[in-house]
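Chemist: Have a look at the structure that comes next, please.
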Amino acid sequence: MKISKFTEKVRGSQKYRDPDTKWTIARDSGKANSHGGSYWKLFNSKGKRVATLTKEGKVLRK
């Protein structure tokens, strides 16, 4: 997953949106204490979480 594609800041939140797919990423709320290297949460266009990503965009869990 290319994190650089998420360029639109979602108003009123800490999420970023991909303008093409409308999928969003949000910073893992665990921050420094996140489990197993998780850094981002990936959400589909309907807001359902579909994966957990590393800082570089590698899928850790679905």
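No lab work stands behind these numbers, since they all come straight from the coordinates. Predicted model, so just to flag it, every value in this text is computed and none were measured. Ideal geometry is used to build each Cβ from the backbone, glycine not excepted, and the neighbour counts take in all protein chains shown.
Chemist: About the Cα centre of the chain, how large is the charge dipole given +1 on each Lys and Arg Cβ and -1 on each Asp and Glu Cβ? Please answer in debye to the nearest 20. Please list the in-between numbers first.
Modeler: Working: 17 positive and 5 negative charges, 36 e Å.
Charge dipole of the chain: 180 debye, to the nearest 20.
Chemist: Could you give the nm distance between label points at Ser45 and Lys58, where each point is 7 Å from its Cα heading toward the beta carbon?
Modeler: Between Ser45 and Lys58, the simple spin-label model gives 3.0 nm.
Chemist: Only Cα pairs under 8 Å and at least 6 apart count here; give the relative contact order of the chain as a rounded whole percent.
Modeler: Working: 112 pairs, mean separation 15.0, N = 62.
It rounds to 24 percent for the chain.
Chemist: Let me ask you something else. Computed from the coordinates I sent, Cα extents along the principal axes in Å equals one of [x] 39, 20, 17; [y] 33, 32, 20; [z] 29, 22, 21. Tell me the label.
Modeler: [z]
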